[in-house]
Amino acid sequence: MFNFESLLFLIIAGAAFTYAGIQLKNLFLLAKAHQGTEKRCDRLGERITLTVLNVLGQKAVLQKKWIGILHATIFWGFLLITIGTLEQFLSTLIPGVSFEFLGKTFYSGLLWTQDLFTVLVFLAVLGGAYRRLIVKPAYVTLNKDANFILLFTGLLMISILLMNAFHIMGAHPWYENSLPFSASLSEGLLFLNLDPHTALLLGKTFKWVHMLIVLGFGMYIPSSKHLHVLAAGPNTFFQTIGRSKGMKPIDFEDETLEQYGTAKVTDLSWKDALDYYSCTECGRCQEVCPAWNTEKPLSPKKLISDLKYNLFRNKEAVLKKDYEAVSDVIDHELTSDVIWSCTSCRACEIACPVFIEHTDKIYDIRRDLVMMKSEFPSEVQTVFKNMETNATPWAFSADDRDAWCEDLPVKKMNEVSSPEELDYLLWVGCAGAYDDRNKKVLRSFTRILNKADVKFAILGKEEQCTGDPARRIGNEYLFQTLATANVETLNRYSVKKVVTACPHCFNTLKNEYGDFGGNYEVIHHTQLMADLIQSGKIKPSQSLEQKITYHDSCYLGRWNDEYSAPRKVLESVAKKPVEMKAHHDQSMCCGAGGGRMWMEETLGKRINVTRTEQALETGASVVASGCPFCMTMISDGLKTKDHQDTVLVKDLAEILDDSLTD
Amino acid sequence: MNIYVCIKQVPDTETKIKLNSDQTWIDTSGIKWIVSPYDEFAIEEGLKVKAQFPESKVTIVSAGPDRVVDAIRTGLAMGADTGLHIELPETADHFITAQAISKALQKEEKVDLLFCGKEAIDDGAAQTAQLIAAAMDIPALTVILEAQYTENSVQVKREVEGGTIEVLESSLPAVIAAQKGLNEPRYASLPNIMKAKKKEVKKVSLADLGMSESDQKVKLKNFELPAPKAAGRKLDGTPAEMAAELVKILHEEVKVI
Ligand code: SF4
Ligand code: SF4
């Protein structure tokens, strides 16, 4: 049964598989040697659904239409053609073997789709080459790896077509009509005047060419960005389910912990390694990154590849688990400026077709810089000190926390006799309590609550900063001090439901306090306002004539998937709401997130000005906001553009409050 | 080198100062205490000298009630080696503080450098550094912006009124009182905060030093809060009218011109 050809194939394929296998094993061991931990095996059903949808269904890839269709074609073609490749391998190994036994109808159907997809993939490769070499979108870097892959994918398809064409010419098999494209090619090649023997020999030659390229590909994959064909599936499976996520807490009680945050790649987890393995360098993350788009040194794409190459450079030490010898994660490529440039807007994560989580890495590196090395932009030190002594990032006394509502009918929790009768605790937040502009927002919101007969109270002087700025900047220790104090207070009053006008407080209370024993139903004020409108408790008049545009806050939108409530509020009041060119999950950050609110912006252009320009493009005379920090950033942007007198920034609570008649 | 840094714990700058019921002192309940900012420069400078002379030991000294141990721990978290707490009542004056510090230090290892802030931000008296130097009979270099150290001498730039800079040189030991700008105080790293909890803070009482509260020279009698700020007044009219009105007010009401 075996002959020389099968023996030759066995040796070559064996060598190729062994080579690729060793490399893959090393990649696996490298990931496994990471010291950070990550559990991602819960909610199996949802994970399987997500994987099927996004791998087989190519859902996330198709977020971008044209390139998505090209990719999906290549991917589906790859699956179908791999069946054929398998058949070639088997028939070379054991002459005469074919998948015909599956039934003639099925087999000819299979061949027909394979033939079709061979041509489609070839066209998709041409399309891809056109995009890379002629269109050259800025976020796609021309790299040899990608061109090489395109070239060989093209060659693979050509070799299949020629293999089939010459085989048809020499043998005229019964299924020749099931290979319409190869058959036409065969006819086209008749001018060569080949005798059947030569034609069959050429057919076999191209079969070998195809098989050798496939094997070569197999050897090349583990060390190239094409590794995503193996890693992206698992990475999709192990993704964070749903949009909301909190940062992972550090257990400061654990006395064996000596390193807080990430100083070396190995301080991250296996999931982070799987992220780098999955990255296709498609550049979608970079295209939407507000830091990159305003000429900062941060590109989320480069961040991932820098981490990957750092891991590969340290391969020897990591495999030996000699962590001392692993070099630092911050180097001349991945500088601390890169790490400080991020606004935690998560545009990158939403855009990524393979569910890479960039922010987790950036924020764990910040933890090391801040807590272990005390290295951070110097202006942040005052912010930390304010939070340590007065539980607010601003230099204000805790005694003044409730001064904003001295003259308003707003109850404090310690004055309420039966807290269980309250509908909500109103979490004021530091901006609401201390920032003059934002105090007005809170005053408007409490007026709305009173009009709608919502029973609420505030913590007053007992409220402390949620700790969000400290946590995003990397000071997890300070964050936990504040978080545990707040949870203690909230639980003492048996608080069940919380409403807040600050998306940062909202996110922290909702997604992060659970880790410290604080489990509440938390809603954003725009959600409550939308509910009150819907249930008819308040009846706004749709009377606002001006053009008005809503700016999505990252922590409400991309972090918590809330895009509709603010728009419902707006539509109930404004006759002419308009969208900016970037909105919903594609919206652009104002520049304040990730603790950037508290840092100087010294590199590149200003993010807030860029976003303000987008707002101005709509011709709106009011920019609606649902976040105190967005409000500050856009107001500053308007000042820079000298539009502070022509365009207003208003919180949705103010807009709604204005429209309510007494 | 043996480096000592004398620090004072003061109410946070944002504190709303209230008086106690008999108006003899401030009401300390609910106050957030911090290390006086100028003293942070002093601590940082001590640590920088230690970085230059690695064999050095940095001791944080603070005189006051038990709460000042927290301030000492802040210094230890920044990287100082050990602490010395001299027990003094809340209302101790600068004289008794300086005396107690100088007596306590006589019992310690020889002093090479002693750092203070140029003043504490609570009473703003700027007394203690010089009084310690006098009690110890060593030079006092105050309001220092820049300093260079050798094993046995120091050269400093001192800020004089009007922005003039004096360059002084002194032998050691000496007292150096830090001005803002001398350095950028570091933020304690978490491992250092943890370590600081275990570092030694020695406690010394007045009696241990052969002193008593009656050594205090200044007794505080009565405190009064400043009158609340009057609301601002807006002048109307043409620029000429407003100017005339302003001159009238400054002359007749405020009597400054
Ligand atoms: S979170 Fe936003 S700023 Fe940070 S890397 Fe991603 S896209 Fe860029
Ligand atoms: S991280 Fe994701 S979006 Fe960014 S280049 Fe890699 S695969 Fe593309």
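The values are calculated or read from the model by the stated rules, or taken from the named source; none is laboratory data. Given the structure is predicted, the values throughout are model-derived calculations rather than measurements. Every residue, glycine among them, receives a Cβ derived from its backbone with ideal geometry; neighbour counts consider all protein chains shown. To get the accessible areas, we keep the full protein, side chains included, count just its heavy atoms, and leave off ligands, DNA and RNA. Shrake-Rupley method; radii C 1.70, N 1.55, O 1.52, S 1.80 Å.
Of the residues A:Leu459, A:Leu422, A:Leu478, the single one that is among the aliphatic types (A, V, I, L, M), more than 14 Å from chain B (Cβ to nearest Cβ) and in contact with a helix residue (DSSP H, G or I) (Cβ under 8 Å, 6 or more places away or on another chain) is A:Leu459.
Would you be able to say whether some residue in region B:146-155 is more than 30 Å from A:Met372 (Cα to Cα) and buried (at least 18 other Cβ atoms within 10 Å of the Cβ)?
Narrowing region B:146-155 to residues more than 30 Å from A:Met372 (Cα to Cα): B:150-155.
So of that shortlist, the ones also buried (at least 18 other Cβ atoms within 10 Å of the Cβ) come out as B:154.
The answer is yes, given that some residue of region B:146-155 is more than 30 Å from A:Met372 (Cα to Cα) and buried (at least 18 other Cβ atoms within 10 Å of the Cβ).
Just one of the listed residues (A:Lys581, A:Lys605) is open to solvent by 20 Å² or more (accessible area, probe 1.4 Å) and more than 16 Å from ligand 1 (Cβ to nearest atom), namely A:Lys581.
The set of residues from region A:512-531 being aliphatic (A, V, I, L, M) and surrounded by 22 or more Cβ atoms within 10 Å (Cβ to Cβ) comprises A:Val522, A:Leu528, A:Met529, A:Ala530. All told, B:Gln23 falls short of being in the same structural domain as B:Ile138 (by TED's automatic domain parsing), free of Cβ contacts under 8 Å to residues at least 40 places away in the same chain, under 21 Å from B:Glu213 (Cα atoms) and open to solvent by 40 Å² or more (accessible area, probe 1.4 Å).
For A:Gln644, state whether it is of a type outside the set (Val, Ile, Thr) and not in a loop (DSSP other than H, G, I, E, B). Considered against the rule, which asks whether it is of a type outside the set (Val, Ile, Thr) and not in a loop (DSSP other than H, G, I, E, B), A:Gln644 comes out as no. Restricting region A:248-292 to residues that are under 16 Å from the mean Cα position of the chain (by Cα) and of a type in the set (Val, Ile, Thr), the residue that is farthest from A:Val318 (Cα to Cα) is A:Val288. Within the set A:Asp645, A:Asp657, the sole residue that is of a type in the set (Asp, Glu) and surrounded by 16 or more Cβ atoms within 10 Å (Cβ to Cβ) turns out to be A:Asp657.
For region A:341-357, how many residues meet the condition of being over 17 Å from A:Pro234 (Cα atoms) and either of a type outside the set (Val, Ile, Thr) or near ligand 2 (Cβ under 8 Å from one of its atoms) (or both)? Lay out the reasoning, then the answer.
Keep residues of region A:341-357 that are over 17 Å from A:Pro234 (Cα atoms), which gives A:341-348, A:350-351.
Within this subset, residues satisfying the condition of being either of a type outside the set (Val, Ile, Thr) or near ligand 2 (Cβ under 8 Å from one of its atoms) (or both) are A:341-342, A:344-348, A:351.
Count: 8.
With the requirement that a residue be surrounded by fewer than 17 Cβ atoms within 10 Å (Cβ to Cβ) and either within 14 Å of ligand 1 (Cβ to nearest atom) or among the polar types (S, T, N, Q) (or both), what does region A:619-630 give you? Hit for region A:619-630 is A:Ser621, nothing else.
Taken as a whole, the structure places A:Asp337 among residues that are open to solvent by 20 Å² or more (accessible area, probe 1.4 Å) and either more than 14 Å from ligand 2 (Cβ to nearest atom) or modelled with pLDDT of 95 or more (or both). For region A:261-295, give me each residue that is open to solvent by 20 Å² or more (accessible area, probe 1.4 Å), of a type in the set (Val, Ile, Thr) and more than 15 Å from ligand 1 (Cβ to nearest atom). If the condition is that a residue be open to solvent by 20 Å² or more (accessible area, probe 1.4 Å), of a type in the set (Val, Ile, Thr) and more than 15 Å from ligand 1 (Cβ to nearest atom), then A:Thr280 is the only one that fits.
Scanning region A:171-204 for residues that are more than 17 Å from A:Thr118 (Cβ to Cβ) and of a type in the set (Gly, Ala, Ser) yields A:Ala171, A:Ala199. Here B:Ala134 meets the list (1) surrounded by fewer than 16 Cβ atoms within 10 Å (Cβ to Cβ); (2) assigned to a loop (DSSP other than H, G, I, E, B) almost entirely, failing just condition (2).
Taking the condition of being in a helix (DSSP H, G or I) and away from every other protein chain (no Cβ under 14 Å), how many residues in region A:378-413 meet it? Show your work before the answer.
Within region A:378-413, the subset in a helix (DSSP H, G or I) is A:380-390, A:398-400, A:403-405, A:413.
From what is left, the residues that are away from every other protein chain (no Cβ under 14 Å) are A:404-405, A:413.
Counting residues in region A:378-413 that are in a helix (DSSP H, G or I) and away from every other protein chain (no Cβ under 14 Å) gives 3.
Given the criterion of a type outside the set (Val, Ile, Thr), farther than 23 Å from A:Lys264 by Cα, away from ligand 2 (no atom under 16 Å from the Cβ) and open to solvent by 30 Å² or more (accessible area, probe 1.4 Å), identify the matching residue among A:Glu379, A:Glu375.
Numbers: A:Glu375 fails: farther than 23 Å from A:Lys264 by Cα.
Going through A:Glu379, A:Glu375 in turn, the sole match is A:Glu379.
The lone criterion from (1) more than 16 Å from ligand 2 (Cβ to nearest atom); (2) at pLDDT below 95 left unmet by A:Thr280 is number (1). Apart from one condition, A:Leu311 fits all of (1) of a type in the set (A, V, I, L, M, F, W, C); (2) more than 16 Å from ligand 1 (Cβ to nearest atom); (3) under 18 Å from A:Ala232 (Cβ atoms); (4) open to solvent by 20 Å² or more (accessible area, probe 1.4 Å); the exception is (4). Reported count of residues in region B:172-205, each being more than 9 Å from chain A (Cβ to nearest Cβ), outside any helix (DSSP H, G or I) and open to solvent by 70 Å² or more (accessible area, probe 1.4 Å), is 6. Filtering region B:1-20 to residues that are under 23 Å from B:Lys103 (Cβ atoms) and open to solvent by less than 60 Å² (accessible area, probe 1.4 Å) leaves B:Met1, B:Asn2, B:Ile3, B:Tyr4, B:Val5, B:Cys6, B:Ile7, B:Gln9.
Taking region B:1-70 as the region of interest, the strands (runs of 3 or more DSSP E) fully inside it that hold 2 or more residues being under 26 Å from A:Ala395 (Cβ atoms) and within 13 Å of chain A (Cβ to nearest Cβ) are B:9-11, B:33-35.
Only one residue in A:Lys639, A:Lys650 is part of a strand (DSSP E or B) and open to solvent by 30 Å² or more (accessible area, probe 1.4 Å). Which one? Break it down stepwise before answering.
Details: A:Lys639 fails: part of a strand (DSSP E or B).
After applying the criteria, what remains is A:Lys650.
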